[in-house]
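A short write-up of the structure that comes next.
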Amino acid sequence: MDRRENLKWLISGSLATGFLITTGCKETSPEVAVSLPAYGRTPEETLHDSKIMAEQFFTEKERKTIEILCDIIIPADEKSGSATDAGVPDFIEFMMKDYPQFQLPVRGGLMWLNNECSKRFGKEFIDCSESDRMLVIEDIAWPDNASPEMSQGVKFFNLMRNLTATGFFTSEMGIKDLGYVGNRPNEWDGVPEEVLKKHGLSYDARTLEVCLKMEERNKIAAWDEYGNLIRT
Amino acid sequence: MSFEIKNPKDKYDVVIVGSGAGGGMTALILAEAGLSVAVMEAGGDFDPAKEEYRTQMRWPWESPRRGAAIHRPFGDFDAAWGGWEIDGEPYTRKNGTSFDWFRSRMLGGRTNHWGRISLRFGPKDFKRKDQDGLGDNWPISYEDVKPYYDKVDKLIGVFGSKEGMENEPDGFFLPPPKPRLHELYVKKGAAKLNIPVIPSRLSILTRKINNDRGVCFFCAQCNRACQVYADFSSSTCLIKPAMKQGTVDVYTNAMVREVLTDNEGKAAGVAYIDKKDLSDKRIMARAVVLAASACESARILLNSRSKYHPDGLANSSGMVGRYLHDSTGTDRMGFMPALTDRDIYNEDGVGGLHVYTPWWLDNKKLDFPRGYHIEYWGGMGMPSYGFGFNMDTMRKYLTDNLGNPSPNGGYGKALKNDIRRIRGAMVGMSGRGESVPQYDNYCEIDPNTVDKYGIPVLRFHYKWTDYEVRQARHMHDTFEEILTGMGAVLLGTKPTAETQYGLLAPGRIIHEVGTTRMGDDPKKSVLNRYAQAHDCSNLFVTDGGPFVSQADKNPTWTILALAWRTSDYIVEQFKQKNI
């Protein structure tokens, strides 16, 4: 990456603070830009993140397998894209380094998957046909019905399901998919009336009387000597 | 990351160790009285209004770990710089007992991220021995503290509702927010059991109280610290206005190791390690106030040995570090079929619960002596790391419109849709109760270990008694009744005697108090009823250390009220030239 490109990258992301790490791995430029998120990190945290973000955990083949698994677990549908569309493999790569306890079960699980495919089809998972792959996935995807000899595969797929699902639904695409409409200034004035009705619930008179009224929020509070809030 | 102190003084009127609830309040009241004050903070500067520190109003994807609690114990966006473990600052445990010690090394300390649950102790809470014969009464009563609770309410702001309950005194409340949907279900379920559910009491500004602080805009993120100062933290609501008085110097990255004493055994100042260059420095003062947290203050006293105070400062009674006690705590979760396939709306609300259950039973009819309150959680909050987990066991709770359950586990579009459907269907509850303080639960100086600053560290010895264990059992019975009553499916299994009924290790609720307790008898207490050391008249403690007993309330509001009361007393001592 040349220096100008480097700078452009550093300046562009409004959420990302540029961070230059000298690695010496590029002959033309000793600097590799790692885009580090800035969200109130301490210097120790920034150092940790920059260090692990410069490392690569998955091999190319492992990465490819992870991508396939991610999109089996969370495919695109009419509402949103797939796990890889949402960048989930990058998240999983990061988690391997940030939480090293994941490394053995994930790397070992990928190996288990390859061993199983090798036994059945004489090929590694990524070299199998889609239908062959799915035969193995079907055997490890349903914990309540899986045969006991598949238990290690089930365990691995449970972990992959957790990481993929959480990675997807905490991404920008996933949050939009869920229709989450918070994390912004709001006026909380209770559960919408139509929702209350649907659930057969209501606010009793006392709750309505004591609770906050939106129009009084910006009036400076005052009380009488008995602690009664003066509400006008 | 530190303040520039333009003209450090050779000697201050008062040096305060710690900038949390107690230290912040003490600094403000002393500064308003015109005293010169040095505040010593072991961590760095922090102000949530500054962009460099801001974690509020961030999206999960801004964190590469999506908010996971890998490095910060309450999640990646939580404001605390610290936790139960801090690199280079160890503590140890004795005889296989357990205690976990949470420290936040930052201006404002743990007030930056706490739950803002701001409950007054009631008249009974100050006189527990009178009721059950256990432990000790406080030397003071609710009537002594009430005027200060009133002042704290007005200065800092707390919402709540007047309920007229004897041991849950009403205050000067701001209006509470309306309950969320799952909280209405809690109310309905608990009502069948005659368990009260009332508006919570949190120090969050639902209305403005002055022009220096903003009003809550309902992002539910108080634990990230509020950039408009709409919740209480010591850094924003006490230290900041204290510094405006012009007589306060705040020393950050200043790790106090001992209180210095003069030839007569009086406190003369403090010695501290300046973390920036690891040099040993001193601050001299006419009076010393410890507000470093119950355990850290005990540590400093025990490490302050001198000719006059061979067992540590203010420790002729041997009580420093003794009677350490935390709140009890245990939790349970449920799944609400009625809350699947929810209508989507912004349900964030304030940071924390909108309703809670105060203690409602009579211990004379129960097999344990002290009460607990219940906190409720759930709702359609912002997804974070962990959202979408456990579909290998949870998916079966979803049913289609013919009532057929989904299979556990799986993959693909159907799984993706079931995760959407399950959002907001989980509810949980946490019991937080009062333990009985024990002489044999304590912290002391570990003879073999120092931290990275060379300061001898604490060693803990703490065991729950049958009182707390039986209380935890009762909590779980109650949780199941309420969850069932509100139509929830119980998740997990009810903990048994082998795990002390799910009772969390001491220190986990982060309400540890009692290490420098107050009392009228100098042989049985460290401090007098004004939190002044019996052995050293110009030494005071204004954190949780002076507590005689913890009540089933969160300690912060009482720390603030007592710190104000002690500060008034200190000002009076200066006026009378006793200091």
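Between the stretch B:494-510 and the stretch A:106-169, what is the separation of their alpha carbon centroids in Å?
37 Å
What ranking of B:Cys536, B:Cys443 emerges when the number of other C-beta atoms within 10 Å of each C-beta is taken as an exposure proxy, fewest first? Each step should come with its number before you reach the end.
Details: B:Cys536 23, B:Cys443 29.
Fewest-to-most Cβ neighbours within 10 Å comes out as B:Cys536, B:Cys443.
For the stretch B:346-445, which chymotrypsin sites (Phe, Trp or Tyr not before Pro) pass both filters: DSSP loop (anything but H, G, I, E, B) and at most 14 other C-beta atoms within 10 Å?
Numbers: sites: B:Tyr356, B:Trp359, B:Trp360, B:Tyr372, B:Tyr376, B:Trp377, B:Tyr385, B:Phe387, B:Phe389, B:Tyr397, B:Tyr411, B:Tyr439, B:Tyr442; in loops: B:Trp359, B:Trp360, B:Tyr385, B:Phe387, B:Phe389, B:Tyr411, B:Tyr439.
When the chymotrypsin sites (Phe, Trp or Tyr not before Pro) of the stretch B:346-445 are filtered for loop state and at most 14 Cβ neighbours within 10 Å, B:Tyr439 remain.
Report the one residue of B:Cys222, B:Leu193, B:Ser36 whose Cα lies farthest in the direction of the positive end of the charge dipole of the protein assembly as shown (charges on C-beta: Lys and Arg +1, Asp and Glu -1; origin at the Cα centre).
After comparing all options, I get B:Ser36.
From the C-alpha coordinates alone, can you work out the Kirkwood hydrodynamic radius of chain B, in Å?
It works out to 24.5 Å.
Among B:Pro90, B:Met284, A:Phe169, which residue has its Cα furthest toward the positive end of the charge dipole of the protein assembly as shown, with +1 on Lys/Arg Cβ and -1 on Asp/Glu Cβ?
B:Met284
Between A:Ser50 and A:Leu159, what length comes free when the chain is fully extended (0.36 nm per residue of separation minus the Cα-Cα distance, one decimal in nm)? Numbers along the way, then the final one.
Working: separation 109, 0.36 × 109 = 39.24 nm, distance 2.58 nm.
Here the segment from A:Ser50 to A:Leu159 would lengthen by 36.7 nm.
Could you rank the peptides B:227-240, B:41-54, B:295-308 by their average count of other C-beta atoms within 10 Å per residue, with the highest value first?
With the highest mean Cβ count within 10 Å placed first, the list reads B:227-240, B:295-308, B:41-54.
What is the distance in Å between the Cα centroid of the stretch B:236-313 and that of the stretch B:558-574?
Each part reduced to its Cα centre gives a spacing of 18 Å.
Taking the Cα centre of chain B as origin, sum charge times position over the Cβ atoms of Lys and Arg (+1) and Asp and Glu (-1), and report the length of that vector in debye to the nearest 20.
I would put it at about 720 debye.
Considering only DSSP beta bridges where both residues belong to the protein assembly as shown, give the percentage that are antiparallel (nearest 5).
Numbers: 56 of 78 bridges.
The antiparallel fraction comes to roughly 70 percent.
Which loop trypsin sites (Lys or Arg not before Pro) in the stretch A:116-199, with loop taken from DSSP, have no more than 15 other Cβ atoms within 10 angstrom of their Cβ?
A:Lys123
Can you compute the charge dipole magnitude of the stretch B:407-502 about its Cα centre, using +1 on each Lys and Arg Cβ and -1 on each Asp and Glu Cβ, nothing else charged? Give it in debye, rounded to the nearest 20.
840 debye
What ranking of B:His325, B:His476 emerges when the number of other C-beta atoms within 10 Å of each C-beta is taken as an exposure proxy, fewest first? Write down the numbers at each step before the final one.
Details: B:His325 28, B:His476 19.
Fewest-to-most Cβ neighbours within 10 Å comes out as B:His476, B:His325.
Which helices count as membrane-span-like in chain B under these terms: full DSSP H, at least 27 Å along the axis by C-alpha, Kyte-Doolittle mean of -1.0 or more?
B:556-575
Ratio to report: Rg/Rh of the stretch B:280-321, with Cα atoms as the point set and Rh obtained by the Kirkwood method; give two decimals. List each step's numbers first, then the result.
Values: Rg = 10.8 Å, Rh = 11.1 Å.
So for the stretch B:280-321, dividing Rg by the Kirkwood Rh gives 0.97.
For the stretch A:212-228 and the stretch B:186-202, write down the distance between their C-alpha centroids in whole Å.
About 24 Å separates the Cα centre of the stretch A:212-228 from the one of the stretch B:186-202.
If you place +1 on the Cβ of every Lys and Arg, -1 on the Cβ of every Asp and Glu, and leave all else neutral, what size is the dipole of the protein assembly as shown about its Cα centre, to the nearest 20 Debye?
Numbers: 102 positive and 110 negative charges, 212 e Å.
With only Lys, Arg, Asp and Glu charged at Cβ, the dipole is about 1020 debye.
Write out the GluC sites (Glu not before Pro) in the stretch B:156-251 meeting two conditions: DSSP loop, and at most 12 other Cβ atoms within 10 Å of their Cβ.
Passing sites in the stretch B:156-251 are B:Glu166.
Using 16 Å as the cut-off for backbone N distance, which residues of the stretch B:138-157 belong to the label zone defined by a point 7 Å from the Cα of B:Asn210 along Cα→Cβ?
B:150-157
Considering all alpha-carbon pairs of the stretch A:101-232, what whole percent are spaced by more than 24 angstrom?
60 percent
Using a basic spin-label model with each label point 7 Å from the Cα along Cα→Cβ, how many nm lie between A:Arg231 and B:Met284?
About 5.8 nm, to one decimal.
Using only alpha carbon positions, build the gyration tensor of the protein assembly as shown, then give the equivalent ellipsoid semi-axes as the square roots of 5 times its eigenvalues, largest first, whole angstrom.
Values: eigenvalues 427, 213, 136 Å².
Taking √(5λ) for each Cα gyration eigenvalue gives 46, 33, 26 Å.
Can you list the residues of the stretch B:420-439 with backbone N under 16 Å from a point 7 Å past the Cα of A:Asp77, pointing along Cα to Cβ?
In the stretch B:420-439, the label zone of A:Asp77 (backbone N under 16 Å from the point 7 Å along Cα→Cβ) covers B:420-424.
Any chance you could list P(r) for the stretch B:100-156, counting all Cα-Cα pairs in 5 angstrom bins from zero, rounded to whole %?
4, 15, 16, 16, 15, 20, 12, 2, 0
Read the figures in this text as sums done on the coordinates, not as results from a lab. Remember, it's a predicted structure, so these values are computed and weren't measured experimentally. Cβ atoms come from the backbone with ideal geometry, glycine included; neighbour counts cover every protein chain shown.
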